[in-house]
Amino acid sequence: MGGDETLSEGEHFVLRLHPHWKTLLRPFFILLVILVVAIAVLIMLPSGSSAGIASAVIGILVLLAVIVWGVVPVLRWRTTTYELTTRRLRLREGILSRTGRDFPLIRISDVSFTHGPIDRLLGCGKLIVESAGEHGQLVLNEIPQVQQVQSTLFQLVADEQARLAREDR
C-alpha cells in the first residue's frame, strides 16, 4: 500500500475495507432461488422438438440472472472501498466508472456506530461520521468490525487535531 501517488506528503494508509460480506447474502439467495426454479422447470419440460429451444431460453435467462444478481453485486462489493489514512477518510466505488469522496479528518466532529443483534453476530454495523461543512452526516452501512473502525477513526481524528495544533505553534 505504500507509495500510493494519491496520498499527500506524510500521509499513510491505516486501514482499507470493503463492505461486509453480508451485503452479498441477498444476491446469493436470489440466485439460489432462480437456479432451483430453473432446474425444476427443466425437469418438468416435456420432451419433444420444442424442448431444446425451451432449454436454451431457460439457460440464457439463468445466465443473465447470474450476471445481474451474481457477478454485478460481487464486482460492486469488491470495487467499493473505505480507506482511512492519517489525514482523511476516503470513499471509492464504481465498476466501470469510479467515484470518490474524501473527508479530511480535521473536519470530522463526531464518530459513532450502531449495530443490531444480527450485525453484532456477524461483526458488522453502521458507522456514522459527523462532519463540519455542507455534507453534515455520512452514514456508512455494513462496515466490518465497526467498533474497531470507529475507535481507530476517532483516534486518527484526535491525532490529526494534535498534529495541526503543533504546526500552528
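Just a few scattered comments:
- Set L31, L15: member being in contact (Cβ under 8 Å) with a residue 24 or more places away in the chain, surrounded by 15 or more Cβ atoms within 10 Å (Cβ to Cβ) and outside any helix (DSSP H, G or I): L15
- Yes/no for I53 being of a type in the set (A, V, I, L, M), more than 25 Å from R101 (Cβ to Cβ), outside any strand (DSSP E or B) and free of Cβ contacts under 8 Å to residues at least 24 places away in the same chain: yes
- Evaluation of Q148 against (1) under 30 Å from L32 (Cα atoms); (2) at pLDDT 95 or above (one fails), failing number: (1)
- In the stretch 134-159, residue surrounded by the fewest Cβ atoms within 10 Å (Cβ to Cβ) [restricted to those that are assigned to a strand (DSSP E or B) and of a type in the set (A, V, I, L, M, F, W, C)]: V139
- Matching residues, the stretch 50-100, being small (G, A, S) and farther than 27 Å from V33 by Cβ: G94, S97, G100
- Residue within the stretch 116-133 that is of a type in the set (V, I, T), touching a Lys or Arg at 6+ places or on another chain (Cβ under 9 Å), touching a residue at least 12 places away in the same chain (Cβ under 8 Å) and closer than 23 Å to T80 by Cα present: no
- Any hit, the stretch 59-69, residues being closer than 23 Å to E11 by Cα, of a type in the set (V, I, T) and out of contact with any helix residue (DSSP H, G or I) (no Cβ under 8 Å at 6 or more places or on another chain): no
- Only a single criterion out of (1) in contact (Cβ under 8 Å) with a residue 40 or more places away in the chain; (2) more than 25 Å from V146 (Cα to Cα) is not satisfied by I108, namely (2).
- Selection over the stretch 104-157 of residues that are over 17 Å from the mean Cα position of the chain (by Cα) and farther than 15 Å from R16 by Cβ gives a count of 26.
- Within the stretch 63-82, one or more residues are surrounded by 10 or more Cβ atoms within 10 Å (Cβ to Cβ), of a type in the set (F, W, Y), part of a helix (DSSP H, G or I) and in contact with a Ser or Thr (Cβ under 7 Å, 6 or more places away or on another chain).
- Of all residues in the stretch 90-133, those that are assigned to a loop (DSSP other than H, G, I, E, B) and out of contact with any helix residue (DSSP H, G or I) (no Cβ under 9 Å at 6 or more places or on another chain) total 3.
The values are calculated or read from the model by the stated rules, or taken from the named source; none is laboratory data. Predicted model only: the values in this text are computed from it and were never measured. Here the Cβ is made from the backbone with ideal geometry for all residues, glycine too, and neighbour counts use every protein chain on show.
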